[in-house]
Every structure is written in structure tokens, then in C-alpha cells.
1. Please verify whether the range 111-122 includes one or more residues that are of a type in the set (Ser, Thr, Tyr), touching an Asp or Glu at 6+ places or on another chain (Cβ under 9 Å) and under 20 Å from ASN18 (Cβ atoms).
2. Among the numbered conditions (1) modelled with pLDDT of 80 or more; (2) over 15 Å from the mean Cα position of the chain (by Cα); (3) not acidic (Asp, Glu), tell me where LYS110 comes up short.
3. So which residues in the range 46-71 are of a type in the set (Lys, Arg), within 15 Å of GLY33 (Cβ to Cβ) and exposed (fewer than 11 other Cβ atoms within 10 Å of the Cβ)?
4. Every residue in the range 123-135 that is in contact with a Gly (Cβ under 9 Å, 6 or more places away or on another chain) and closer than 11 Å to LEU20 by Cβ, please.
5. Hey, can you tell me all the residues within the range 28-74 that are closer than 26 Å to ILE108 by Cα and of a type in the set (Lys, Arg)?
6. Within the range 84-103, can one find any residue that is within 15 Å of the chain's Cα centre (by Cα) and β-branched (Val, Ile, Thr)?
Amino acid sequence: APYTAGQTFDASSRTVFNRLVEFDHGKTSVSPGLADSWTISDDGKEYTFKLRKGVKFAPTDYFTPTRDLNADDVVFSFQRQVDKNGPWFQYIPGIAYQYYNDQFGDNITKVEKVDDLTVKFTLKEPAITFIPTLGM
């Protein structure tokens, strides 16, 4: 199938990175991706993800992985999109993560490592679309 725009299942970004959750093909339901499981607090403001153990980074000619994916990687991946003063905020000079801002805005107040394979997101307000948005 050809790679098309971001609103389709086979969007080109799927060849670049995995997500915490993935959409079931042809459906609106999500299944575990990099996360094995997740829990949501009673107030809907905290989402805790248990990461899949043993996830490997893909090697390239210029990158040789030395360890498995862990919570630090997930925290970094989100923090670089939030921290406007961070060195990784603009992936091209003058261009930041517009998709992130459009989808999450300022609702994510904290992304933290609980342990090596657990990450917790804290939101300002409950968001029923949080889990599916992570799959996009």
C-alpha cells in the first residue's frame, strides 16, 4: 500500500517510530504498542504505562543500539516536544512539533519515569481522547 497523509492508517510516520499504543487496523480501537498495558486514575488525569520489555532500537550504518528501550526514552521523546527552551524543541530551525501542540496543547503537565519500564503522564484536565491520540 502506498504511504499517504497522516490521517490514514498507513501513514509514512509508521515506518519511522513506534507508539505507546497502536490503532487496530481498520478500527477505532487501540491495542498495546510499546506499552504492554496502562491504567488511568479515577479522576482521569494520570495515565501510567507499563512498557514492553526487550524492545530493541533499529540499527543503522550510523547508529548501533547499546540497550533496550526504557522509560527515559519515552520521557525524552515527549519532553523534547514540550520544553521550548530545550535543544531538541525545534527539529528544523524555526519549526517545532506543531502536531504535538495541536493534539495535546498544554494539557500534559508532566511526563515522568516511575521505574525503568513505567512512565506516568499527568494531565491538567481529563481527556477521553488521550489514549487514541497517542496512537496517531
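The values are calculated or read from the model by the stated rules, or taken from the named source; none is laboratory data. No experiment lies behind these values; they were computed from the predicted model shown. Here the Cβ positions follow ideal geometry from the backbone for every residue, glycine too, while neighbour counts run over all protein chains shown.
1. Within the range 111-122 (the criterion being of a type in the set (Ser, Thr, Tyr), touching an Asp or Glu at 6+ places or on another chain (Cβ under 9 Å) and under 20 Å from ASN18 (Cβ atoms)), the answer is no, since none of the residues qualifies.
2. The single condition LYS110 does not satisfy is (2).
3. Step one: of the range 46-71, the residues of a type in the set (Lys, Arg) are 50, 52-53, 56, 67.
Still in the running and within 15 Å of GLY33 (Cβ to Cβ): 50, 52-53, 56.
Hit for the range 46-71 is LYS56, nothing else.
4. Once the filter is applied, which keeps residues that are in contact with a Gly (Cβ under 9 Å, 6 or more places away or on another chain) and closer than 11 Å to LEU20 by Cβ, the range 123-135 yields PHE130, LEU134, GLY135.
5. Matches in the range 28-74: LYS45, LYS50, ARG52, LYS53.
6. No, the range 84-103 contains no residue that is within 15 Å of the chain's Cα centre (by Cα) and β-branched (Val, Ile, Thr).
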